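Have a look at the structure below, then the notes.
Computed from the coordinates by the stated procedures, all read-outs in this text should not be read as laboratory data. Quantities reported herein were computed from a predicted structural model and do not represent experimental measurements. So basically every Cβ, Gly included, is an ideal-geometry build from the backbone, and we count neighbours across all protein chains shown.
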Amino acid sequence: MRLMTVLDAEYPDNLRAVHDRPPLIFVAGRLQPSDTRSVAVVGSRKASGEGLERAASIAGHLVGSGYAVMSGLAAGIDTAAHTATLAAGGRTVAVIGTGLAHSYPPENAALQRKIVNKGAVVSQFWPEAPPSLRSFPMRNAVMSGLTLGTVVVEASATSGARVQARLGLAHGRSVFLARSLLSQDWARALAGRPGAHAFESPDEITDVIGRVTSAGALVA
């Protein structure tokens, strides 16, 4: 693993541009300059079969459109997004809520090793740090900061994906909410804010990001 501080030239440009960037991150694998062109795909740990299929479809579309896919290596939507990206030959980065010496959930240890070999795993926590209620919202802030936008596939009112959507708007990044989420009060309220978009098709995601980022990557 490698330690990067905000003073290092290799510290990710997108993350450097947000107000709540962590002073240091640990990286297993390799971050690449092209990772500035990335989108987060997140959602519920206890996802429906339809949600898992949608996450995989979105990840595959993003790969085909030249984007890296980031997610949080959690069960459910995150796992589907990472797995589909790897299967499509794309680049994926996991941003985790523990130190790099841990895998959470433990069932994703093999997937974590595969992502290290094919992409990168990022943590703002010391390597031996265990999971905690506080660490996962902090992880969501870093994931939002690293990416050009966040796609929420499925989420409840208490989901970390909802936290990331809120943080993404605070970062000035695009947030995409699956139209099926609009049956929930929190999603309808969020969808009415500038920078938030309800979507049905993955094409709508890349169309918006292409317009928003046409002048270049988000940099400080």
Is the stretch 133-181 best put as rounded, prolate or oblate by its Cα gyration tensor, with a ≥ b ≥ c the root eigenvalues, rounded for a/c under 1.5, and otherwise prolate when a/b is larger than b/c, oblate when not? oblate
Cα pair distances in the stretch 1-41, grouped into 10 Å bins until the bin that holds the longest one, percent each: 26, 61, 12
For peptides 55-63, 90-98, sequence by mean Cβ density within 10 Å, most packed first: 90-98, 55-63
Which residues' amide hydrogens lie under 5 Å from the amide hydrogen of Ala155, considering only partners 5 or more residues apart or on another chain, with H built in the peptide plane? Ser44
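Which order results if Leu133, Leu182 are arranged by neighbouring Cβ count within 10 Å, fewest first? Could the numbers behind the result be given before it?
Working: Leu133 7, Leu182 13.
Going from sparsest to densest Cβ surroundings: Leu133, Leu182.
Stretched out fully, how many nm does the piece from Ser57 to Thr158 gain, at 0.36 nm a residue minus the Cα gap? Could you put the intermediate results ahead of the total?
Numbers: separation 101, 0.36 × 101 = 36.36 nm, distance 2.47 nm.
Using 0.36 nm per residue and subtracting the Cα-Cα distance, I get 33.9 nm.
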Rg/Rh ratio calculated on Cα atoms of the stretch 103-220 (Kirkwood radius): 0.99
proj_area_mean for the stretch 1-121 (convex hull on C-alpha atoms), units nm², value 7.2
Note, ³J(HN,Hα) from phi for the stretch 86-99, Karplus 6.51, -1.76, 1.60, rounded to Hz, x at Gly and Pro: 4, 5, 8, x, x, 9, 10, 10, 9, 10, 10, x, 10, x
Looks like the chain, by Cα gyration tensor root eigenvalues a ≥ b ≥ c and the a/c under 1.5 rounded cutoff (else prolate when a/b is bigger than b/c, oblate otherwise), is rounded
